[in-house]
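Below: one structure, written as structure tokens.
The values are calculated or read from the model by the stated rules, or taken from the named source; none is laboratory data. Keep in mind it's a predicted model, so treat the numbers as computed, not measured. Heads up, the Cβs are rebuilt from the backbone with ideal geometry, glycines too, and the neighbour counts pull from every protein chain shown.
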Amino acid sequence: MTRKDVEQKRRVATSRNTVEVKRRARDLGFDAVGVASLEPNAHAVELERWLAAGYAGTMSYLHRQSARRKQPARIMAGAKVAVVTLTNYCHGSIDPGAVPGGAAKVAQYAQSADYHRVLGRRLEQLAAAIRHVAPGAQTRVYLDAGPVPERELAQRAGLGWIAKNMMLIHPMLGSFTFIGVIFTDAPLTPDLPFQADRCGTCRRCLDACPTDAFVAPHVMDARRCISYLTIEHRGDFTTDQRSLVGDWLLGCDVCQDVCPWNVRFARATADPALAPRSDLAAPDAREFLELDEETFASRYGDTPLERPGRHGMRRNAAATLARKAP
Ligand code: B12
Ligand code: SF4
Ligand code: SF4
């Protein structure tokens, strides 16, 4: 066999393995999957600027992780590619004309069981499938936590574009998706990056943000973002912060709800593991003022409410209720 034949055989095997890994991903319930190469982050300068401006607020881990976010090849020694998955979590309740002053709201991503648990298991199963098609391969699973530029890798894996509201939008699914990533040294064929920017001249998300958190397209000051305040911010709210939260008990969907790509394409997920829970979809804010630690843990320990915890949810509830008080 000539060197050319060997190379040809290797390419065929790599391509066959890639097809098999993608087939397995769909069987496991992922809505889209692609393979990203691990070149340096094309938006390293923007990330650096964003951090230097202080837009990360108290999320100091983003500063610590920035070297690896800029150079994803440094995340796992020997990794050649990242397999990137999208999972639709939309519950069908897109509200492009949401009026302020309604009942307390929880963002769609948090209306079902904790996605870290549900998808973490699924990603581990996909990682096992990668090791099966490429015996001896190493894999490392990331979902939300970790130094991974997830939207960047999803764009590079051909799964969509990074939009003006900073969300990764898939042209057929919209943006209500979770991104999951598996780094591996298995030989798999990278996809072509998604090149188009399909936001065009639209700027609905930027104009609709209730707190004016967008400094410019693709640049959000997280310190003004309701999602940051209700999920990531630790400690009490200042008077200003409290006034920003509005009706949101946890997270915020406004810049996604108004997006024409979601209005047109986002559909409710049929995934039973991500079925919405009524106590999360239509919560009673008053309840969070009363809960003790044990009851909170037993009711919400397996949901995204665990992130802000009992103290955070109590603070958020007090802010939404104060707004409604006469
Ligand atoms: C920190 C964080 C937050 C922060 C900061 C959000 C932000 N916009 O950066 C807060 C708490 C506010 C937040 C909110 C939300 N989050 Co969040 N968050 C993260 C986390 C952990 C890190 C993101 C980060 O590094 N931000 C810093 C910015 C600068 O980096 P970046 O988002 O990667 O953006 C890149 C591009 O914007 C690019 N870039 C910069 N300039 C330009 C210019 C152009 C033209 C282009 C094309 C690109 C570009 O460079 C950046 C660096 O690579 C990721 C998980 C992860 N590991 O990536 C989840 C993640 C981004 N969050 C997610 C979700 C679901 C949400 C919420 C929808 C939850 C909610 N409903 O409340 C909101 C959405 C708010 C929004 N519009 O972004 C999903 C997004 C999925 C998707 N389809 O995009 C992720 C990927 C988690 C996951 N695994 O599913 N989040
Ligand atoms: S999540 Fe809400 S507060 Fe945050 S940027 Fe989007 S619209 Fe603004
Ligand atoms: S609302 Fe318009 S500008 Fe914003 S993300 Fe959607 S298409 Fe892009």
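The table below lists the values:
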read-out	value
Test: residue in the range 238-260 that is surrounded by fewer than 16 Cβ atoms within 10 Å (Cβ to Cβ), assigned to a loop (DSSP other than H, G, I, E, B), more than 16 Å from ligand 3 (Cβ to nearest atom) and at pLDDT 95 or above	yes
Condition check for PRO193: within 11 Å of ligand 1 (Cβ to nearest atom) and either farther than 24 Å from MET59 by Cα or modelled with pLDDT under 95 (or both)	yes
In the range 150-176, residue farthest from ALA266 (Cα to Cα) [restricted to those that are more than 15 Å from ligand 2 (Cβ to nearest atom) and touching a His at 6+ places or on another chain (Cβ under 8 Å)]	GLU152
Single residue of GLY78, GLY57 found to be within 16 Å of ligand 2 (Cβ to nearest atom) and small (Gly, Ala, Ser)	GLY57
Only listed residue being of a type outside the set (Lys, Arg) and modelled with pLDDT of 95 or more, chosen from VAL81, VAL99, VAL12, VAL6	VAL81
Whichever residue in the range 107-140 is surrounded by 20 or more Cβ atoms within 10 Å (Cβ to Cβ) and not in a helix (DSSP H, G or I) and, among such residues, is farthest from ligand 2 (Cβ to nearest atom)	ALA134
All positions within the range 282-320 that are within 19 Å of the chain's Cα centre (by Cα) and of a type in the set (A, V, I, L, M, F, W, C)	LEU305
Some residue of the range 37-56 being touching a helix residue (DSSP H, G or I) at 6+ places or on another chain (Cβ under 8 Å), hydroxyl-bearing (Ser, Thr, Tyr) and either farther than 30 Å from PHE265 by Cβ or without any contact (Cβ under 8 Å) to a residue 60 or more places away in the chain (or both)	no
Exclusive hit being hydrophobic (A, V, I, L, M, F, W, C) and assigned to a helix (DSSP H, G or I), set ALA25, ALA79	ALA25
Pairs with Cβ under 8 Å, 6+ apart, first in the range 216-233 and near ligand 1 (Cβ under 7 Å from one of its atoms) and modelled with pLDDT of 95 or more, second part of a helix (DSSP H, G or I) and hydroxyl-bearing (Ser, Thr, Tyr)	ALA222/TYR228
